[in-house]
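The next block holds one structure in the form of C-alpha cells; read it before the comments.
Taken together, the values in this text are just the output of simple stated rules run on the coordinates, not laboratory data. What you are looking at is a predicted structure, and each value in this text was computed from that prediction instead of being measured. So basically every Cβ, Gly included, is an ideal-geometry build from the backbone, and we count neighbours across all protein chains shown.
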Amino acid sequence: MNIVHVIILAIIEGLTEFLPVSSTGHMVIASSLMWISTDEFVKLFEIVIQLGAILAVVVLYYKRFVQSVDFYVKLVIGVIPAVILGLLLKKHIDKLLESPLVVAIAFVVGGVILLFVDDWFNKPNIDDEKDINHITALKIGFFQCLAMVPGVSRSAASIVGGMSQKLSRTAAAEFSFFLAVPTMFGATLKDLWDFHKHNTLSPAVLHQDIKYLLIGSAIAFVVALLAIKSFITFLEKRGFKLFGVYRIIAGTVIIILYFTTTALHHG
C-alpha cells in the first residue's frame, strides 16, 4: 500500500460512506483493481478512515449532538445489535471482506431493493429524529446489522430500516448518519486494539502506518463534508431508484469480471 492508494481509497470512502452503495464494498473492489494485498493493515485502514468520514456528521449536525440525553440513549439502543453481532461474527466478517464476489452479489440484491423502496414505504409519518422512539431505534439497529455483509451498505440498510418504520427519506437518512457515529467509533477502537495486540511493528513501519491512517482519515472527512448535503438534497428530490440502477450495473460488471478473470487463471 502506498500514498496513492491511500488517497484514492480515502476519496472513495468520503464519497460513498453516506450513499446507499456501500463504501466498504467500493473499497474492496478498488483494492482488488489496484492489486493491494489484503493484509491486516489494509483491513484496519478501511475501517479507520470510515471514522474520518463519520466525524463529518458531528461537524455538520453538531446542534443535534448537544440537544438532549435522549438523543444519545436512542443511539446506544440502535447500536446494541451491531455490537453484539460484530463481536460474535468478526472472524466471518473479515473473511467476507476479502471477496469481491460477495460484494458484487450484495450490490445487485441491494440494488433491486432500492428500485422499489420508495414505492413500498411511501406513507411516512415521522419527519424528525426527535419523534423516533426507543423501540424504533432498536429495529433500525437490527437493519443496520445487514451491512456486516460487505456490499450491502450500512447507509442503505439503516435508511431502508428507518423507512420501514415510517420515517421520511430525509429523517431515515439523517438517523442513519447519527447511528453511524457510535457504530464506527466502536468498530475503529476495536480494530485498532486488535491490530496493536497482534502486530509488533518497527518504529519506521509504525510511523508510516500512522501517517497513512491520519492522511486517509483527513481526506475522507473533507470529502464527506461535501458529499452529505448533496446526498440529502438529491434524496429529497429523486429518491433511491438511480442508486438501485447503479448498484445493479456495478454488481453485474464485477460478477462478469470476476468469472472472466477466474476462467483466465484456470485456462
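Available extension along the chain between residue 138 and residue 242 is 34.6 nm, counting 0.36 nm per residue and deducting the alpha carbon span.
Computed from backbone phi with θ = phi - 60° and the Karplus coefficients 6.51, -1.76 and 1.60, the 3J(HN,Hα) list for segment 118-132 is 5, 7, 5, 10, 10, 10, x, 10, 10, 10, 9, 4, 4, 8, 7 Hz; x is used for glycine and proline.
Other residues lying with their Cβ under 14 Å from the Cβ of residue 139 contribute a combined charge of +2, Lys and Arg counting +1, Asp and Glu -1. Past 30 Å, Cα to Cα, is the threshold; run 139/237; 43/229; 43/123 against it and keep the listed order. Violating the 30 Å limit, Cα to Cα: 43/123.
Distance between the 7 Å Cα→Cβ label points at residue 256 and residue 118: 2.6 nm. Residues in segment 244-255 carry Karplus couplings, in order, of x, 4, 4, 4, 5, 5, 4, x, 5, 4, 5, 4 Hz; the curve used is 6.51 cos²θ - 1.76 cosθ + 1.60 with θ = phi - 60°, and Gly or Pro positions show x.
Put one equal scatterer on each alpha carbon of the chain, apply the Debye formula with no solvent term, and list log10 I(q)/I(0) at q = 0.08, 0.11, 0.13 1/Å to two decimals. Calculated log10 I(q)/I(0) at the listed q: -0.31, -0.59, -0.83. Karplus-based coupling profile of segment 180-185, in residue order and whole Hz: 5, 4, x, 4, 6, 5, with θ = phi - 60° in 6.51 cos²θ - 1.76 cosθ + 1.60 and x standing for Gly or Pro. Segment 1-62 and segment 150-169 have Cα centres separated by 20 Å.
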